[in-house]
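Every number here is computed from the coordinates shown, using simple stated rules; none is lab data. What you see is a predicted model, and the numbers here were worked out from it, not measured in a lab. Glycine gets a Cβ as well: all are built from the backbone with ideal geometry, and neighbour counts include every protein chain shown.
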Amino acid sequence: MVVLAVLGTFLITTLYSSLFDQKKMEVLTNANVIASIISDDFTEKNINDKLPQFPIEKNARVIVVNTDSVVLFDTYKETSFKDKMFLNDSITKAMLPEGTNSSNAFKDKEGDWFIEAAVPVIRNSHTIGAVYVIQSGDSTEEVILHIRNALFILGGLIIIFVGIFSASMASVLTLPIERFTKFINNMPKDSLQHVQINSRDEIGQLAEAFNNLIDRMAELEDKRRTFVSNASHELKTPLSIIKLLSDSLMQTENPDPEFIKEFLSDMSKEVDRLTRIIEKLLDMTQMDSSQQSMQFVHTDVREIVQEVYDKLLPLATNKNIVLTFNQPDDEVILPVERDTLTEAVYNIADNSIKYTESGGNVTISLSRDLGNIYIAITDTGIGIPKEEVQKIFDRFYRVDKARARETGGTGLGLSIALDAVKLHNGHIEVKSEEEVGSRFTITLPYSEENTLSGD
Ligand SMILES: Nc1ncnc2c1ncn2[C@@H]1O[C@H](COP(=O)(O)OP(=O)(O)O)[C@@H](O)[C@H]1O
Ligand SMILES: [Mg+2]
C-alpha cells in the first residue's frame, strides 16, 4: 500500500506539472500568434475585424489592451471589458520596456483551474500593447482526475488481489508448521511418536530431523530403563542373600558359634559387594554429569600405567601371576583426564588378573606411533567366548555370573573403562580366545585438538 501510494502521488504530481506545462505553452503560443497578427495594424478597428476570425478555443478569453491598459478587444461579449481599464500582473510584466512573455496556471477561489498568458505586442521594437489570454484548465484537470480515479481503482484491485494471494500463500506455508506444532503438543506424555509429514520441502526435512531426534530419545530412554532395571536387580541380589542368611540364622535355635561366624562372614561379603556396586555406580554417574568440569592436563601416560601396575602388583603376586609392564624410554605426553584414564586402565588390568588362573601372565605394554598411543593388556586367562565379546562392555554384563560373583565382579568395570576411553576420543579393541587368553588394546588418538575437545 505504501509503495502504491508513493508511486501514485509521484505519477499524479508529474502528470499535473507536465500536462499544465503543455497547456501553458499552448496558451502562450496562441497569445503570440494573436500578437503577431495584430502588430502590423494595431488599431481598434483592425483588431475587432481580424480577431473574431481567428480560431480561438471556446473556453478561452482573449483580451487586447493598449499601452494605457484600456481594453481594445474582448472575446467575451456579455461581461465585456471593452473600453475599460484592465490590468493584472501578467499584463504589467508584458508592458515593461523589456516586455516578457509569461504564462502560468492557477486555481481560483472556487477551486477551478485557469491558465493565463500575456505577451507584449511589439512594433519597431516598441511595445504598443499586450495580448492576454485566459483559459479554463478544467479539462486538463479532468484528465488528471480520471487518471487518478483509475489509479485508485487499480490500486484497490491490486491490494485486494495481493491481500488474498498472500493470505492464501501464508496459510499454505504455515499450515504444515501449525500441524507439526499441534502434533507435538498433542503427543501423549508417556510416548514418543513419529510425525507424519511426507513433503520434500524444508518442513519435510524438519520432520525427518524431528523423527531422528525421537529415535535417539527412544534409544536413550530404552538404555535408561535397562540400566535402572539392571541396577535394581544387581542391588537386590546381595540384599536378598543377606536377608536369607539372617532369616535362617534367626530361625536356627542355639546355633553354634562356628555356624554364626560363617553366616556373618557371608553376609559381610555381600555387604562388600553392595558397596562395590554402589561405588561403581557413583563413578559412572559422576562421569556422566561432570564431563564439563573435567580437566584435561598434559600428562606422561607412563605415569598412569605405572600407578596401575603398582596398585595391582600385590594382587597378582598373591595369585602367583607374573605382572609385567613394558614401557617406552621416552615420555608419552597426552592431554588426559588423569583419574578417569587411570580408572579405565585399572579396570581392564584388574579383569586380566581376576580372570587368569594362578601361574599365568599379565602384560601391560605402552607404545605409540605417529597418530596414536596404545595401551595393550594381555593375559593368559580363561578368555571370552566369541559371541560374548561385544556384550562385555554393557553395563552389568558378566560372561558367567556365578564365576564373576565369586571373583567379586559387578559387571560395570568395562562399561566404565569404555566411557572413559571414549571421553578421550579413543576406542577399545578386544581379541580373545577361550582357555588361551585375551588382549585388550586401548587406542588414544595423539593429535592435540582431538584429545583436547573432550567429546
Ligand atoms: N581379561 C578377561 N578375561 C576373561 N573374561 C573377561 C576379561 N575381562 C572381562 N571379562 C568378562 O567380561 C565381564 C565384564 O567385565 P567387567 O565389566 O569388568 O565386570 P566384572 O565386574 O565382572 O569384572 C566379566 O564378568 C568377564 O566375564
Ligand atoms: Mg571387572
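Numbers for the structure displayed
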item	result
Part-to-part distance (alpha-carbon centres) for the stretch 1-65 and the stretch 312-359, which is given in Å	112 Å
Calculated [θ] (222 nm, deg cm²/dmol) that DSSP helices of n ≥ 4 give over the chain, each run adding -39,500 (n - 2.57)	-18500 deg cm²/dmol
Around residue 50: net Lys/Arg minus Asp/Glu count, Cβ-Cβ under 14 Å	-3
For the stretch 83-139 and the stretch 258-292, distance of Cα centres in Å	116 Å
Radius of gyration and maximum dimension Dmax of the stretch 190-289, Cα, Å	24.4, 81
Long-range HN-HN contacts of residue 321 with modeled amide H, under 5 Å	359
Backbone HN-Hα couplings from phi across the stretch 372-383 [Karplus 6.51/-1.76/1.60, Hz, Gly and Pro as x]	9, 10, 10, 10, 9, 10, 10, 10, 10, x, 6, x
Burial order of peptide ranges 259-267, 431-439 (average beta-carbon count within 10 Å, highest first)	431-439, 259-267
Degrees between helix 202-251 axis and first principal axis of the chain (Cα, 0 to 90, nearest 10)	30 degrees
Normalised convex hull volume, the chain, alpha-carbon set, Å³ per residue	328 Å³
Proxy reagent accessibility, fewest Cβ within 10 Å first, across 116, 141, 98	98, 141, 116
Residue exposure sequence - 102, 171 - by fewest surrounding Cβ within 10 Å	171, 102
Residue order, fewest to most surrounding Cβ atoms within 10 angstrom, among 423, 206, 341, 213	213, 206, 423, 341
Using θ = phi - 60° and Karplus 6.51 cos²θ - 1.76 cosθ + 1.60, couplings along the stretch 429-434 (whole Hz; Gly, Pro as x)	10, 10, 10, 8, 9, 5
Nonlocal amide H pairs with residue 101, under 5 Å, H built at 1.01 Å	none
Cβ-based net charge around residue 136, under 14 Å, with every Lys or Arg adding one and every Asp or Glu removing one	-4
Whole-Hz couplings from phi, Karplus 6.51/-1.76/1.60, listed for the stretch 3-18; x for Gly and Pro	4, 4, 4, 5, 4, x, 4, 4, 4, 5, 4, 4, 4, 3, 5, 6
